[in-house]
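Quick note: the coordinates plus some simple rules give every number you see, no bench work behind them. Remember, predicted model here, so these are calculated numbers, not experimental data. No Cβ is skipped: glycine too gets one built from the backbone with ideal geometry, and neighbour counts run over all protein chains shown.
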Amino acid sequence: MRLKKIKLAGFKSFVDPTTVPVAANLVGIVGPNGCGKSNIIDAVRWVMGESSARHLRGDTLADVIFSGSTSRKPVSQASVELVFDNSDGRAPGEYARYAEIVVRREASRDGASDYFLNKTRCRRKDITDLFLGTGLGPRAYSIIEQGMISRIVEARPEDLRLFLEEAAGISRYKERRRETENR
Ligand code: ATP
Ligand code: MG
C-alpha cells in the first residue's frame, strides 16, 4: 500500500480544492515560511483521526477550517482525502481486494465530523483499525516531527515498547485481544 495523493479543500490555508501528488517514495515539499508545508502534514494527521486541536497546532478543532484571508471569506467545511494505491493487495482484511483505498474526513463549523472509507461512511475506529500496525496513524511514527527523536530516545520502557510493537505489526493483534477481553 502506498500513498498516491493528498486532496485538501477548505483545510487551513488550502481553501480551494488542491491535490498534492505523492509521485515517488521520496518527495520533498519546499516553499517559503508560512506557505502551508506543515498544514499538509496536519491534514494527514487529521484525516487519520487526530482529535487533539493542540496536535493540529490550533486552539479548537474548528481551527482546521479555512478562516478567511484579506481577499477570501471563511468557509464552513474542510475535507481531506488520502488516496492509497493498493495494487499489491496488502491492505488488511476486506480491503485487500480494492486496487485503491480512499480515506476521507470532513468537518463543519457546527462540530460535525465524518469519516469515509472508499466513499462509504464509517467510524473513526474503522480508519485507525485499518492502519494499526502499519506505522501510519494520528500519532504513529510515520510522521516524525521536531523533538520526537529525543522523546523516543528518552521514553520510558513502557512507551518505547509501544513504538516497537507498532513497528513489528503486533499492535493490531493486541488491540483485538483487548477488544475481545472487554466484551
Ligand atoms: P514554516 O516554513 O515557517 O514552517 P509552513 O510552510 O510550514 O511554514 P504552515 O504552518 O503550514 O507554513 O502554514 C501557516 C499558514 O497557514 C499561515 O499563514 C496561517 O495563517 C495559515 N493558516 C493556518 N490555519 C488557517 C486557517 N484555519 N485558515 C486560514 N489560514 C490558515
Ligand atoms: Mg512548518
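Relative to the longest principal Cα axis of the chain, at what angle does helix 37-47 sit, 0 to 90 degrees, rounded to 10? Between helix and principal axis, roughly 50 degrees.
Computed from backbone phi, the HN-Hα couplings of segment 68-76 come to x, 9, 4, 10, 10, 6, x, 10, 9 Hz, rounded to whole numbers (Karplus: 6.51 cos²θ - 1.76 cosθ + 1.60, θ = phi - 60°; Gly and Pro given as x).
For residue 15, the shell of other residues with beta-carbons less than 11 Å away shows a net charge of +2, using +1 for Lys and Arg and -1 for Asp and Glu.
A DSSP coil position with no more than 15 other Cβ atoms inside 10 Å describes the following trypsin sites (Lys or Arg not before Pro) in segment 1-80: 57, 72. Rounded to the nearest 20, the Cβ-based charge dipole of segment 2-124 about its Cα centre (Lys and Arg +1, Asp and Glu -1) stands at 20 debye. Entry note: the chain has Rg to Rh equal to 0.97, where both radii use alpha-carbon atoms and Rh is the Kirkwood radius.
3J(HN,Hα) along segment 128-135: 5, 4, 4, 9, 4, x, 9, x Hz, from the Karplus curve 6.51 cos²θ - 1.76 cosθ + 1.60 with θ = phi - 60°, whole Hz, x for Gly and Pro. Farthest towards the positive end of the charge dipole of the chain, among the residues 55, 21, 171, is the Cα of 21, using unit charges on the Cβ of Lys, Arg, Asp and Glu. Counting Lys and Arg as +1 and Asp and Glu as -1, what is the net charge of the other residues whose Cβ lies under 12 Å from the Cβ of residue 81? Net of charged neighbours comes to +4.
Under the criterion of Cα pairs below 8 Å and six or more residues apart, the relative contact order for the chain equals 19 percent.
Restriction of the GluC sites (Glu not before Pro) in segment 142-183 to DSSP coil positions whose beta-carbon has at most 10 other beta-carbons within 10 angstrom yields 154. Counting Lys +1, Arg +1, Asp -1, Glu -1, what net charge surrounds residue 114 among other residues with beta carbon under 13 Å of its beta carbon? Overall, the nearby charge balance is +2.
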